[in-house]
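Notes for the one structure printed next.
The values are calculated or read from the model by the stated rules, or taken from the named source; none is laboratory data. The model shown is predicted, which means the values in this text are computed figures rather than measured ones. Here the Cβ positions follow ideal geometry from the backbone for every residue, glycine too, while neighbour counts run over all protein chains shown.
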Amino acid sequence: MDHITVFLGIVLIIASIEDVMMLRIPNWITLPGLAVGLSYFCLTRGYEGFLFSLAGGLTGLGLLIIPFIAWGTGAGDVKLMGAVGSVLGAHGVFIVFILSCVLGGVYALFLLASKGLLVSTFKRYGKMMGCFISTQELIYIPPTNIEKALRIRFGVVIALGTGSYLVLGF
């Protein structure tokens, strides 16, 4: 494991702790992570390394910018994914994104189940799907206030997705 991977691991651990404890991932974690990734690859691999890191950082940012705008994913999550991309490159951050989405879905199911909301949530989505199938109209049934209060700590999920990527060696 090289120094930049260890650095990324430290960034992800600190980001996860901040996400759990403070419910946000501050810039003092994400922006240096992005800058160090860019600097490292620029210094060790020159122009091509800089482009590798820049493409990864922009891909990481781009993958979460739509969820940020549309559904309220945290800005810290977006910047953290950019930092991951600056170290792992575009291909690596894309795989981390897929792994994080899968892990986030599993996390969401466990969170709903732990609060006794899994069945009611599936029923709500079932009603929406049934309505769409029968009427061809998409009718949204909003979540309950209890469901709205549940928050996925996506910084933790990004850390787990990155760790999985590194361990599995995609």
Is there a residue being closer than 19 Å to V20 by Cα and modelled with pLDDT under 95 anywhere in segment 119-130? no
Starting from segment 148-170, keep only residues that are closer than 9 Å to G104 by Cα, then list their pairs with residues that are in a loop (DSSP other than H, G, I, E, B) and at pLDDT below 90 whose Cβ atoms are within a distance under 7 Å, requiring at least 6 positions of separation or different chains. F154/T73
Can you tell me which of (1) modelled with pLDDT under 95; (2) of a type in the set (A, V, I, L, M); (3) under 12 Å from G155 (Cα atoms) is the one V11 doesn't meet? (1)
What's the total number of residues in segment 8-49 that are crowded, with 17+ Cβ neighbours inside 10 Å, assigned to a helix (DSSP H, G or I) and touching a residue at least 12 places away in the same chain (Cβ under 8 Å)? 17
Answer yes if at least one residue in segment 55-68 is among the β-branched types (V, I, T) and out of contact with any helix residue (DSSP H, G or I) (no Cβ under 9 Å at 6 or more places or on another chain), and no otherwise. yes
So, in segment 107-148, of the ones that are assigned to a loop (DSSP other than H, G, I, E, B) and among the hydrophobic types (A, V, I, L, M, F, W, C), which residue ends up nearest to A159 (Cα to Cα)? L117
Filter segment 74-119 down to residues that are out of contact with any Ser or Thr (no Cβ under 7 Å at 6 or more places or on another chain) and among the hydroxyl-bearing types (S, T, Y) and give me whichever is farthest from T30 (Cα to Cα). S114
